[in-house]
Amino acid sequence: MTGTDPSSRDAVSQPFARRRFLGYVLAAPTLTTAAQLVPALEARADIPSPEITELIDLNDVMTAAALPTSGLITVEVNTDGTVSFALPRTEVGQGITTSTAMLIAEELGIPLTRVHITLADARPELLFNQLTGGSNTTFSTYTPIRVAAAIARQRLLRAAATEWDTALTELTWDAGVVTGPGNRSAGIGTLSRKAAGVRTEEVSVGLKPRDMFTVIGKPHNRVDARAAVTGRKRFTLDLDVPDALPTMVCRPPTINGEVGSVSNLSEVRSLPGVTDVVVIPTGVVVRATTFGRCVDAVRALRVTWKPGSAEGKSDDSVLKELRAAELPLGLPPLTPSVEERFTFHFRSNSALEPNCAIADVRSDRAEVWSSLKAPIVAKEAIAARLGLPLQAVTVHVTEGGGSFGRKLFFDAALEAVEVSRRIRKPVKLMWHRADDSRQGRTHPMATSRVRISYLGDTVLGYKQRHTSVSTDLGHGLGEIFTALAARLPVGDIGFSQTFFQLSQSMPYDFGANSRLLSETDKGFNTGSMRNVYSPDVTCARELLVDRLAARMGKDPYRFRHDFLGDDRARAVLDKAAEAGNWGRSMPAGTAQGIAFHSEYHSAGAVLVELDCRPETVGRPIRDGVAGPRVTKAVIAVDVGLAVNPRGLEAQMMGCLMDGIALTLTSSLHLRDGHFLEASWDNYFYTRQWNTPPELRVIVMPPTTGEPGGAGELGVAASMAAVACAYGRATGTMPTVFPVNHGTLSFEPKPTVPPVPASPTDGLDHVR
């Protein structure tokens, strides 16, 4: 034994764990392995709780849907000693390529740098195993990927033992090199062909136990960090597809409007650099030699437009529709109660990377490149649009510059395909920033009514009625619900209601509780923004918890602690309060806020400090007056086993930024059927000045042996904590979000034709 790798000492002589897993060695020229088909998860029926999510939640459902095809996901050992894995999920900045590489490196006992992760093309045979969302990637792939890697290691050792005619117990393994008696040694690349199978066969393997981990659970930098910061990372628009020229669309002034007529098509076709101008269902397309030429041509178009699907609507009219659609809370209770209605305005679902796709459509085939989180659904839709057999369509999944739910939709890919089909040329299509703000996906406007009844120190009941503009789930999640409907404990309800019930829970012992969703108005392009319903639902709940605590004369933190239903929840709340010095004396106009949220087998608590004094120093956000500023934040999370704690910390920082924006600054203003915001200069996401200078993320020691969901965990608690701090600092609980929505602080840009926010916005990095 080398003695340098504690995980190698028992790797050969003893089984890694009592529990054995089945998998395959596949017939292939080099060693290729996969996990066995495993049964779907069963509901945890032994938990005595009325909460559906304690029995089965959204993450369980997605995992159950993915598991039957886990045997189709393979780990391949290459002859150069590297290991390849085509990840069937989409990397959009959340760091799953790093955590996946860590899983393989752990089980194979090789350096992380020798694991190469790529993104798999759309593979319809994977069914629901190629859908990225719901904080599900690590949760559902944790075991299958490790099993495949462990089988590869076992097979390589057996190949060496056979080659050298020695016992497995005589072999040692160190950093991917197998050593045997007589100082014989061989790298895994050399052994790969010998370990390969001539036929597919089933094998059994044990996984490395947690106390032997040397990679999993240890903080690691992202494997793509250097490429990202040096500009070598390749996104869709960085790809050099032959003859794919820049392409943009002149879009209607109102949501989902249609082209009536174009009076100067021939004139625009003759502009310098323009190669094609064509009308498609979503607007007028211009293809040119540069994106700058595209913008010039779009500006020159003279188009008359037909009404859109939200014609004449405004914030006020939509709010009136929502209130009319609210489900009743029932008769007022005979006991004391606290009650409030909260309003949450439309929010942009834009990612930092512009919405884009490349398409090359021929008469008998099509090839598409785009960052897609539901690539199978995209491939099926593209094949149907073109009238081609599924196997004639190739969809390449590229890494994306952000998503937050946006890339579950593939509208850019469909547009690119339509344009390429019509002009019979490859296209590199990019939406402008204004396109995605005004015609892209938005987080629905919603109201939430909450009532909590109590008597003395006992909470008797909790009711919440959440009413929302309809959320579009037509990107793959709906199909999962349909496929597993008979096994879901939610009865015969629709996609959105199923999603809602499986993603929301009541962490407090608040007696009889109920949450119901009502949706209305399908005239908007909506999407499941990061954390979907949870930020609004949790923010409303936590604000009323603060009000109830005040009514009972109790400290908000102690009140939560006393009513939380389990030890994990209390532990993260206590840690956030302790690390944030909850209850310390603060100047008037400033305050602390604390909130809790749990989901997908994980729990999180956030404490913030907020400065609402008029003299607060910071970048003005409206009418020259500096807005509330978050000066401190502490986030405590228990996600079970954190595969990469450093990546988890980054996720939570991003969640905090989302939460600050949702509470204080970020919204879309709807007027006369269109949104006024046109880019990041007037859509006020969290700015640098409002990023707390004191920020701490605490990853709790693992309380479970496997990962829980983490990608969205911190958004809801962050939003709620900032809202609670605002209420305590100002003395008035906020009921409309974001709190600055009522003041329009910018001059809206023209809508016909769409124009850039600035001369180079979104264009200077693309040629």
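State whether one or more residues within the stretch 346-368 are free of Cβ contacts under 8 Å to residues at least 40 places away in the same chain and touching a helix residue (DSSP H, G or I) at 6+ places or on another chain (Cβ under 7 Å). For the stretch 346-368, residues free of Cβ contacts under 8 Å to residues at least 40 places away in the same chain and touching a helix residue (DSSP H, G or I) at 6+ places or on another chain (Cβ under 7 Å): present. When only residues in the stretch 351-378 that are open to solvent by 20 Å² or more (accessible area, probe 1.4 Å) and not in a loop (DSSP other than H, G, I, E, B) count, which is farthest from residue 421 (Cα to Cα)? My answer is 377.
Evaluate the following for residue 412: is it under 22 Å from residue 472 (Cβ atoms), in contact with a Cys (Cβ under 8 Å, 6 or more places away or on another chain), buried (at least 24 other Cβ atoms within 10 Å of the Cβ) and at pLDDT 95 or above?
Values: under 22 Å from residue 472 (Cβ atoms): yes; in contact with a Cys (Cβ under 8 Å, 6 or more places away or on another chain): yes; buried (at least 24 other Cβ atoms within 10 Å of the Cβ): yes; at pLDDT 95 or above: yes.
Here the answer is yes, as residue 412 does meet what is asked.
Table: residues versus (1) modelled with pLDDT of 95 or more; (2) touching a Cys at 6+ places or on another chain (Cβ under 6 Å); (3) within 22 Å of residue 737 (Cα to Cα).
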{"site": "466", "(1), (2), (3)": "yes, no, yes"}
{"site": "475", "(1), (2), (3)": "no, no, no"}
{"site": "480", "(1), (2), (3)": "no, no, no"}
{"site": "515", "(1), (2), (3)": "no, no, yes"}
{"site": "526", "(1), (2), (3)": "no, no, yes"}
{"site": "533", "(1), (2), (3)": "no, no, yes"}
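Residue selection: residue 303 fails the criterion of being under 32 Å from the mean Cα position of the chain (by Cα) and among the aliphatic types (A, V, I, L, M).
Being closer than 24 Å to residue 581 by Cα and more than 17 Å from the chain's Cα centre (by Cα) narrows it down to one of 753, 645, 748, so name that one.
Working: 753 fails: closer than 24 Å to residue 581 by Cα; 748 fails: closer than 24 Å to residue 581 by Cα.
Testing whether each residue is closer than 24 Å to residue 581 by Cα and more than 17 Å from the chain's Cα centre (by Cα) leaves just 645.
Among residues of the stretch 379-390 being free of Cβ contacts under 8 Å to residues at least 40 places away in the same chain and on the phi < 0 side of the Ramachandran plot, the one that is most open to solvent (accessible area, probe 1.4 Å) is 385.
Taken together, 516, 564, 573 contain a single residue that is in contact with a Phe, Trp or Tyr (Cβ under 7 Å, 6 or more places away or on another chain), touching a residue at least 12 places away in the same chain (Cβ under 8 Å) and surrounded by fewer than 24 Cβ atoms within 10 Å (Cβ to Cβ), which is 564. Screening the stretch 199-212 for residues that are open to solvent by 20 Å² or more (accessible area, probe 1.4 Å) and assigned to a loop (DSSP other than H, G, I, E, B) and picking the one that is farthest from residue 147 (Cα to Cα) gives 199. Of all the numbered requirements in (1) of a type outside the set (A, V, I, L, M, F, W, C); (2) in contact with a helix residue (DSSP H, G or I) (Cβ under 8 Å, 6 or more places away or on another chain); (3) at pLDDT below 85, residue 82 misses one, and that requirement is (3). The requirement of being at pLDDT below 95, open to solvent by 10 Å² or more (accessible area, probe 1.4 Å), charged (D, E, K, R) and in a loop (DSSP other than H, G, I, E, B) is not satisfied by residue 226. Any residue in the stretch 127-135 that is among the small types (Gly, Ala, Ser) and farther than 30 Å from residue 500 by Cβ? Scanning the stretch 127-135, I find no residue that is among the small types (Gly, Ala, Ser) and farther than 30 Å from residue 500 by Cβ, so the answer is no. What are the pairs with Cβ atoms under 9 angstrom where one residue, in the stretch 290-305, is among the basic types (Lys, Arg) and the other, located anywhere, is not in a loop (DSSP other than H, G, I, E, B)? Sequence gap at least six, or different chains. Listed pairs, sorted by first residue: 293/246; 293/274; 293/286; 299/250; 302/262; 302/267; 302/268. Of note, residue 546 does not satisfy the criterion of being modelled with pLDDT of 95 or more, out of contact with any Leu (no Cβ under 7 Å at 6 or more places or on another chain), over 17 Å from residue 510 (Cα atoms) and not in a loop (DSSP other than H, G, I, E, B).
Taking the stretch 650-695 as the range and being farther than 20 Å from residue 318 by Cβ, surrounded by 19 or more Cβ atoms within 10 Å (Cβ to Cβ) and among the acidic types (Asp, Glu) as the test, only 658 passes. Within the stretch 743-759, residues that are modelled with pLDDT under 55 reach partners that are open to solvent by 30 Å² or more (accessible area, probe 1.4 Å) with beta carbons closer than 8 Å, at six or more positions or on different chains, in the pairs 755/299; 755/749; 756/433; 757/433; 757/680; 757/681; 757/749; 758/681.
The values are calculated or read from the model by the stated rules, or taken from the named source; none is laboratory data. It should be emphasised that the depicted structure is a prediction, and the values quoted were computed from it without experimental measurement. Ideal geometry is used to build each Cβ from the backbone, glycine not excepted, and the neighbour counts take in all protein chains shown. Ligands, DNA and RNA are stripped out before the accessible areas are found, and what is left, the full protein with its side chains, is counted by its heavy atoms. Shrake-Rupley method; radii C 1.70, N 1.55, O 1.52, S 1.80 Å.
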